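Heads up, the thing below is written out as structure tokens.
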Amino acid sequence: MLVDAETTEDAALGGRIMLRQPKRGHRFGHDAILLAAAVDARPGEVAVDLGAGVGTAGLALAHRVPGLDVRLVEVDQALAGLARENAARNKLSDRVSVAAMDVAASPIDFARKGMAGVHHVLMNPPFNDPARQNVSPDAARRLAHVASANSLAAWVDCAESLLAAHGTLTLIWRAAGLGEVLDVLAGFGGITILPIHPKPDAAAIRILVRAVRGSGSPLILRPPLTLNRADGTPSAEAEAILRGGVPLAMAP
């Protein structure tokens, strides 16, 4: 567990949840909140957040959907400890559990932790290519952000093994890697893609992708979400999602 001197306490969702996170290394940002907003979960269902970090996306989702059970999966023991503390801090421990394990663990190991036949998996996998982008010298930040050649496929395979038939996978990825995402979603259909642009005249930087296990429905490309106006101030839609907790419409 990281001691207090090595962490900060920060607000997310406009102060609706408070999170302890490391001062250095991987720190939460807009991606986690957008990911949570894109999951169309309902009370009584179970969602698994793979690579949960300090729990930002999973806790934001649990906060938005009363009665939803959320399992946070994080390989870094220190971050898993902070995620467990953050669940308690936000009075969500009754519905949010934390498992310190790798996405490469077997389906049997996940089942022992109550993660089999779940309704939803959400994930923000490492997506920086070390061959094309600068790699952080910080080991924890490197683990959270740098992808190996087969990491996306491994994460999607893990998600598919956890989901019930017609369960949903929701992920956020770099926009330039859309082809990679579509390549690894062979076991899914009903794919919905939402591009995220930093400004109206800028190319997309992220994509949110929702896919349904075993679905035969066609792909849908939704209108983009623009985070900022041309003058750099936050757009009203982005503010409603990032600070107001409004969900994104991803389901057909």
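The values are calculated or read from the model by the stated rules, or taken from the named source; none is laboratory data. Remember, predicted model here, so these are calculated numbers, not experimental data. All Cβ positions, even for glycine, are placed from backbone atoms using ideal geometry, and neighbour counts span all protein chains on display.
Worth pointing out:
- Within region 1-26, considering residues that are at pLDDT 90 or above and assigned to a loop (DSSP other than H, G, I, E, B), the one farthest from P125 (Cα to Cα): R16
- Screening S97 with (1) within 28 Å of G214 (Cβ to Cβ); (2) among the small types (G, A, S); (3) outside any strand (DSSP E or B) gives one miss only, at (3).
- Residue list for region 195-230, filter: assigned to a strand (DSSP E or B), β-branched (V, I, T) and more than 20 Å from A41 (Cα to Cα): I196, T226
- Lone unmet requirement of (1) closer than 18 Å to L2 by Cβ; (2) touching a residue at least 40 places away in the same chain (Cβ under 8 Å) for F28: (2)
- Selection over region 177-194 of residues that are over 23 Å from L163 (Cα atoms) and assigned to a strand (DSSP E or B) gives a count of 0.
- Answer from D69, D40, D76, D49 - the residue that is acidic (D, E) and more than 22 Å from D109 (Cβ to Cβ): D40
- Scanning region 1-25 for residues that are farther than 13 Å from A83 by Cα and touching a Gly at 6+ places or on another chain (Cβ under 7 Å) yields L13, G14, R16.
- When region 157-176 is limited to residues that are in a helix (DSSP H, G or I) and of a type in the set (A, V, I, L, M, F, W, C), the one that is farthest from A203 (Cα to Cα) turns out to be L162.
- Considering residues of region 178-231 that are without any contact (Cβ under 8 Å) to a residue 60 or more places away in the chain, of a type in the set (D, E, K, R) and in contact with a strand residue (DSSP E or B) (Cβ under 8 Å, 6 or more places away or on another chain) only, the residue farthest from A251 (Cα to Cα): K199
- Residues located in region 35-50, provided they are buried (at least 24 other Cβ atoms within 10 Å of the Cβ) and either on the phi > 0 side of the Ramachandran plot or of a type outside the set (D, E, K, R) (or both): L35, A36, A37, A38, V39, A47, V48, L50
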